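Heads up, the thing below is written out as structure tokens.
The values are calculated or read from the model by the stated rules, or taken from the named source; none is laboratory data. What you see is a predicted model, and the numbers here were worked out from it, not measured in a lab. Quick reminder, even Gly has a Cβ in these numbers, built from the backbone with ideal geometry, and neighbours come from all protein chains shown. These accessible areas exclude ligands, DNA and RNA; they are computed on the full protein's heavy atoms, side chains included. Shrake-Rupley method; radii C 1.70, N 1.55, O 1.52, S 1.80 Å.
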Amino acid sequence: MTTLSAHTAFSGHRLLAAGALADVALAVKRAMAAGDAAILVYEDRSGRQVDLNLSGDDASVAERHRAPAETDSASPAEPAPRGRGRPRLGVVAREVTLLPRHWDWLAAQPGGASVALRKLVEQARRGNEAQERRRACQEAAYHFMSSMAGNLPGFEEATRALYADDRERYARLVADWPQDVRDYAMKLAWPAADEAAAG
């Protein structure tokens, strides 16, 4: 698996199903009908546990858990005709408090204060993207680990290694965990490394 699926279900410490939520929901429904009651489902992006509504037949379960894009693909809505004037940019006006020297600097920038502030914000966002992605991966792995592996040996030390971004130490600490739990936690924590290894 080179990229994370939308959702992943575990039966105890064994991976039951992974993929689109509708497919995972059907797999969970069938497993529960076969007598498997210890099933947990996680959203891959956040690592958080999700609850499913499995009432009704397979078609209604699949429809209920299908992504909106899958259900609305039959006929895309016609875009409204564009009116006259400048296109709406979604700009929101809010108050900003700065020192006089900051206002002087902004006023001297090409395009004025608003353009300069937007450029500064975009530059900061681009500069922090990798850090934000790393933090989101750590949080997702932590949420999953807390739910599924909180009682497994080395959990606390593995959590420290996760937040220290020490993949090698983390791998050593979770080596004795059940394979599916260990593999999924690693994929949540370091998805880019797993994609590179697979590619």
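Quote to one decimal, in nm, the extra length available between residue 172 and residue 155 on full extension: 0.36 nm per residue of separation minus the C-alpha distance between them.
Values: separation 17, 0.36 × 17 = 6.12 nm, distance 1.16 nm.
Full extension from residue 172 to residue 155 adds 5.0 nm.
Give me the extension gain from residue 123 to residue 135: residue separation times 0.36 nm, minus the current Cα-Cα distance, reported in nm with one decimal.
On the way: separation 12, 0.36 × 12 = 4.32 nm, distance 1.90 nm.
Extra length from residue 123 to residue 135 when fully extended: 2.4 nm.
With a 1.4 Å probe and every protein chain left in place, tell me how much accessible area residue 119 has, in Å² to the nearest 10.
130 Å²
Just to be sure I understand the model, the point goes 7 Å from the Cα along the line to the Cβ. What's the resulting residue 14 to residue 60 distance in nm?
3.0 nm
Once you have the Cα-Cα distance between residue 53 and residue 105, take 0.36 nm times their residue separation minus that, and quote the gain in nm to one decimal.
Working: separation 52, 0.36 × 52 = 18.72 nm, distance 5.61 nm.
Computed gain between residue 53 and residue 105 is 13.1 nm.
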